[in-house]
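Peer 1: One structure, as structure tokens, below. Some questions next.
The values are calculated or read from the model by the stated rules, or taken from the named source; none is laboratory data. Bear in mind that the values here come from a model prediction, so they are computed numbers and not experimental data. Neighbour counts are summed over all protein chains in view; Cβ atoms, including those assigned to glycine, are modelled from backbone coordinates with ideal geometry.
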Amino acid sequence: MNIIVPIKQVPDLVEELEIDSSGKDLDREWLKFKVNEFDDHALEEALLLKEDSGGTVTAIALDGDDIDKALYAAAAKGADKVVKVTGIEGNVSNHEAAKAFANAIQGMGADLVFTGVQSVEDRDGQLGVLLAHYMNVPHISVVTGVAVNGDSVNVTKEYGGGMVAEFEAATPIVLGIQAARETPRYVPVAKVRRAMRSTDLEEVSAGDVSVSAGSSVSRMFKPESGGGAEMLSGSAEDVAGKLADIIKGKI
């Protein structure tokens, strides 16, 4: 199986987040970035599948600050190839990103494409769905397990309320990974440095990424603080009476 894994860098949420002067985006000048957690799980699931059933894993990312290091880290973890998509960078919409990835992946002979199911700065969580659309292949999301079954794959999908379903799917297909079977592996800095010296970082053009749909941010702002909580004390009957009075006052 030839597995392609798109990855992206997202703001590290342990950092203090500030809004830029436009009021429509984060001030990214001093932000610390890291690989999206769900993309990390997608890469781990791809590497586990490769170890179980053979094949190759390619990590691919849109051009951007420090993305080379993220791709070399993927190589250090076990990715066979790393590819940077040029001609598009910055905080692009999922529609544009999906079109760019689809253009770049075309011709790579992908059997499986593993995306993270969402990211911390994602407005719609639809990258996998859109990528499948532009590639004209099926899609299954919220995936927690993948196993090769001849020329097809058995996919475990999670639903709300603890429900789980199993699918047998033909390839090629795009899968949105919710969680890998194992915790994503840690790679030491020394190993990443070795990968930087020994790994060829390929570049592929994003091509035409013009799309006729999508969303835009009109305003970003921090939530306004409320008046705080009101603590009710007394017996159960007293609290019930006070709560009833509060509710009546809101009607």
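Peer 1: Give the number of residues within the range 1-51 that are small (Gly, Ala, Ser) and over 16 Å from Ala75 (Cβ atoms). It would help to see each step written out before you state the result.
Peer 2: The initial filter retains those residues of the range 1-51 that are small (Gly, Ala, Ser), namely 21-23, 42, 46.
Next, only the ones that are over 16 Å from Ala75 (Cβ atoms) stay: 21-23.
So the count comes out to 3.
Peer 1: Here are some residues: Asn2, Asn91. Which one is over 19 Å from Met220 (Cβ atoms) and either of a type in the set (S, T, N, Q) or surrounded by fewer than 20 Cβ atoms within 10 Å (Cβ to Cβ) (or both)? Before you say what the answer is, go through the steps one by one.
Peer 2: Details: Asn91 fails: over 19 Å from Met220 (Cβ atoms).
Going through Asn2, Asn91 in turn, just one is over 19 Å from Met220 (Cβ atoms) and either of a type in the set (S, T, N, Q) or surrounded by fewer than 20 Cβ atoms within 10 Å (Cβ to Cβ) (or both): Asn2.
Peer 1: Which members of the range 172-201 meet the condition of being among the charged types (D, E, K, R) and closer than 30 Å to Gly150 by Cα? First the steps, then the outcome.
Peer 2: Of all residues in the range 172-201, those among the charged types (D, E, K, R) come to 181-182, 185, 191, 193-194, 197, 200.
Across the range 172-201, the qualifying residues are Arg181, Glu182, Arg185.
Peer 1: Count, please, the residues in the range 207-251 that happen to be under 30 Å from His95 (Cα atoms) and of a type outside the set (Gly, Ala, Ser). Give the steps one after another, and end with the answer.
Peer 2: Just the residues of the range 207-251 that are under 30 Å from His95 (Cα atoms), to begin with: 207-223.
Applying the additional criterion that residues be of a type outside the set (Gly, Ala, Ser) yields 208-209, 211, 217, 219-223.
Number satisfying all stated conditions: 9.
Peer 1: Can I ask one more? Can you tell me which residues in the range 12-39 are part of a helix (DSSP H, G or I) and closer than 14 Å to Ile67 by Cβ?
Peer 2: Applying the first criterion (part of a helix (DSSP H, G or I)) to the range 12-39 yields 37-39.
The one that is part of a helix (DSSP H, G or I) and closer than 14 Å to Ile67 by Cβ: Asp39.
Peer 1: So which residues in the range 127-142 are crowded, with 16+ Cβ neighbours inside 10 Å and free of Cβ contacts under 8 Å to residues at least 60 places away in the same chain? Full working, then the answer.
Peer 2: In the first step, residues of the range 127-142 are kept if they are crowded, with 16+ Cβ neighbours inside 10 Å; the result is 127-135, 137, 139-142.
Hits for the range 127-142 are Gly128, Val129, Leu130, Ala132, His133, Tyr134, Met135, Val137, His139, Ile140, Ser141, Val142.
Peer 1: Quick check: anything in the range 39-58 at pLDDT 90 or above, of a type in the set (Lys, Arg), touching a Ser or Thr at 6+ places or on another chain (Cβ under 9 Å) and over 15 Å from Val92 (Cβ atoms)?
Peer 2: Yes; the residues of the range 39-58 include at least one that is at pLDDT 90 or above, of a type in the set (Lys, Arg), touching a Ser or Thr at 6+ places or on another chain (Cβ under 9 Å) and over 15 Å from Val92 (Cβ atoms).
Peer 1: May I pose another question? If Gly234 satisfies every condition in (1) more than 30 Å from Ala73 (Cβ to Cβ); (2) in a loop (DSSP other than H, G, I, E, B); (3) out of contact with any Gly (no Cβ under 9 Å at 6 or more places or on another chain); (4) small (Gly, Ala, Ser) but one, which is the exception?
Peer 2: Unmet for Gly234, out of (1) more than 30 Å from Ala73 (Cβ to Cβ); (2) in a loop (DSSP other than H, G, I, E, B); (3) out of contact with any Gly (no Cβ under 9 Å at 6 or more places or on another chain); (4) small (Gly, Ala, Ser): (3).
Peer 1: Among (1) at pLDDT 85 or above; (2) polar (S, T, N, Q); (3) surrounded by fewer than 10 Cβ atoms within 10 Å (Cβ to Cβ), where does Ser205 come up short?
Peer 2: (3)
Peer 1: Go over the candidates Asp122, Asp111 one by one and state the one that is touching a Ser or Thr at 6+ places or on another chain (Cβ under 9 Å), touching a residue at least 24 places away in the same chain (Cβ under 8 Å), surrounded by fewer than 22 Cβ atoms within 10 Å (Cβ to Cβ) and of a type outside the set (Gly, Ala, Ser).
Peer 2: Values: Asp122 fails: touching a Ser or Thr at 6+ places or on another chain (Cβ under 9 Å).
That would be Asp111, the only listed residue that is touching a Ser or Thr at 6+ places or on another chain (Cβ under 9 Å), touching a residue at least 24 places away in the same chain (Cβ under 8 Å), surrounded by fewer than 22 Cβ atoms within 10 Å (Cβ to Cβ) and of a type outside the set (Gly, Ala, Ser).
Peer 1: At least 2 residues that are of a type in the set (S, T, N, Q) in each: list the strands (runs of 3 or more DSSP E) lying fully within the range 62-173 that qualify. Before the answer, list the steps.
Peer 2: Details: elements: 81-89, 112-116, 139-149, 152-158, 164-170.
Per the criteria, 139-149, 152-158.
Peer 1: Turning to a different aspect of this structure: So, in the range 144-187, how many residues would count as being surrounded by 11 or more Cβ atoms within 10 Å (Cβ to Cβ), under 18 Å from Glu44 (Cβ atoms) and of a type in the set (Ser, Thr, Tyr)?
Peer 2: Within the range 144-187, residues that are surrounded by 11 or more Cβ atoms within 10 Å (Cβ to Cβ), under 18 Å from Glu44 (Cβ atoms) and of a type in the set (Ser, Thr, Tyr) number 2.
Peer 1: Given the criterion of a type outside the set (Lys, Arg) and touching a strand residue (DSSP E or B) at 6+ places or on another chain (Cβ under 8 Å), identify the matching residue among Val155, Val192, Val211, Val187.
Peer 2: Values: Val192 fails: touching a strand residue (DSSP E or B) at 6+ places or on another chain (Cβ under 8 Å); Val211 fails: touching a strand residue (DSSP E or B) at 6+ places or on another chain (Cβ under 8 Å); Val187 fails: touching a strand residue (DSSP E or B) at 6+ places or on another chain (Cβ under 8 Å).
Within the list Val155, Val192, Val211, Val187, the selection yields Val155.
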